[in-house]
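The values are calculated or read from the model by the stated rules, or taken from the named source; none is laboratory data. Quantities reported herein were computed from a predicted structural model and do not represent experimental measurements. All Cβ positions, glycine included, derive from the backbone under ideal geometry; neighbour counts span all protein chains shown. Ligands, DNA and RNA are excluded from the accessible area calculation, which covers all protein heavy atoms including side chains. Shrake-Rupley method; radii C 1.70, N 1.55, O 1.52, S 1.80 Å.
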Amino acid sequence: MVTDRQHRGYLGAAAAFAVCMAGTTLPTPLYGLYQERIGFSELMVTVVFAAYAFGVIGVLLLFGNVSDAVGRRPVLLCGLACAGASAVAFLAEQGLAWLFAGRLLSGFAAGLFTGTATAYVLELAPPGGRARAAFTATAANMGGLGCGPLLAGLLAQYAPRPLTLPFAVHLVLLAASFAVVRALPESVAGARPLRTARPRRPVLPAEVRGVFVPAGIAAFTGFALLGVFTSVTPAFLAQDLGVRNHAAVGLIVAAAFFASTGGQLLVPRLGARRAIPLGCLVLIGGLGLLALSLATHALAPLVLAALVGGTGQGMTLRGAVGEVAAAAPDAHRGGVLSALFVVAYLGISVPVIGVGLLTGPLGLPDAGLVFTACMAVLAAVSGAFLLHRARVTSAT
């Protein structure tokens, strides 16, 4: 059991959460260097990126709820081990196969951490500190994702060995995180041995399906926007805008994740029910700015797209989680939330690969315009449905 003295450990869990998630976006500003070194197309960049999403989805589908049975600490330690193996794969990089392995292992780490670390931070929080712990978990997740490209961009631009040093630094941070997590108390009473873990598919009860579909569409669209920013934006910056400074690329990508954290902070004031339609509207604004940048080859709209689109993504994600969690029965809440994140992570794989496929015949800017139009339609449909649903509920 967690004692009062040990409650402060939630900050250590949050720090490990941030370190793990930073590794998932660490390669973002480095893809151009890998293309020069190995030689592969923009389509292959998106496929390598999507390997991460497939790793996350696989873990969420099979082991999304396993920490409820075996405890938080063993699952997080396994996640840190996967993140370390990913860093080693990038350090040993000898071709595309190593990049695929590194991204897949990174996906495994994120899948193990996303739900488990969030629950762990909340459970270790001191009495009366749930709201602060919820923000801490959010900031660790999205802030860690933002710190990855920022750290890699700075090291690649201003330090030697740009394809080695970022992952070596990450390995050191992972080792420290491993020691921190090992020292934390277990928060699950009666946790069973890790060897007893068994795959369990997420469950979607009938009473949650009405809100799950539009909420899932909103989460899908928001993650798709982040997926484009972390996979093809570096190529657009370099090839079409002439921005080849790795630190600048990392900062622009990081801005979308930091803005997402800010967007999530707005949700408690708005309420989850209103946050998703408003978030969809903000998300459409971000997609419009992205389309403007692609059409005019201008940098300023791209930066604004990161800030506005990231804010909309944060609002829709936290609103979707709140609505779905409220509608789900207690016995199935973990499985339902895992299912929601499966849909969300499909958003950073399927559309991103679609952009890669269209880049050959259309070029990157036009492929991006097709993407923004499709995602704007999805956001509009989701927002309109949930707004109508909220009005009907209020009237009733």
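Given the structure, is Ala295 touching a Phe, Trp or Tyr at 6+ places or on another chain (Cβ under 9 Å) and either under 18 Å from Phe49 (Cβ atoms) or among the hydrophobic types (A, V, I, L, M, F, W, C) (or both)? It is false that Ala295 is touching a Phe, Trp or Tyr at 6+ places or on another chain (Cβ under 9 Å) and either under 18 Å from Phe49 (Cβ atoms) or among the hydrophobic types (A, V, I, L, M, F, W, C) (or both). Selection of region 246-276 for residues being open to solvent by 40 Å² or more (accessible area, probe 1.4 Å) and either touching a His at 6+ places or on another chain (Cβ under 7 Å) or aromatic (Phe, Trp, Tyr) (or both) yields only Phe258. Considering region 375-388, the residues that are open to solvent by less than 80 Å² (accessible area, probe 1.4 Å) and in contact with a Pro (Cβ under 8 Å, 6 or more places away or on another chain) include one that is modelled with the lowest pLDDT, namely Leu386. Kindly check whether there is at least one residue in region 308-319 that is assigned to a helix (DSSP H, G or I) and surrounded by fewer than 21 Cβ atoms within 10 Å (Cβ to Cβ). No, there is no match, as no residue in region 308-319 is assigned to a helix (DSSP H, G or I) and surrounded by fewer than 21 Cβ atoms within 10 Å (Cβ to Cβ). Taken as a whole, region 245-258 holds at least one residue that is part of a helix (DSSP H, G or I), closer than 22 Å to Cys374 by Cβ and in contact (Cβ under 8 Å) with a residue 60 or more places away in the chain.
Looking at Ala109, Ala83, Ala14, just one residue is within 20 Å of the chain's Cα centre (by Cα), open to solvent by less than 20 Å² (accessible area, probe 1.4 Å), closer than 18 Å to Pro185 by Cβ and not aromatic (Phe, Trp, Tyr), and that residue is Ala14. Among the residues making up region 202-212, those that are at pLDDT below 85 and open to solvent by 10 Å² or more (accessible area, probe 1.4 Å) are Pro202, Val203, Leu204, Pro205, Ala206, Glu207, Arg209, Gly210. Among all positions in region 123-131, there is no residue which is touching a Phe, Trp or Tyr at 6+ places or on another chain (Cβ under 8 Å) and without any contact (Cβ under 8 Å) to a residue 60 or more places away in the chain.
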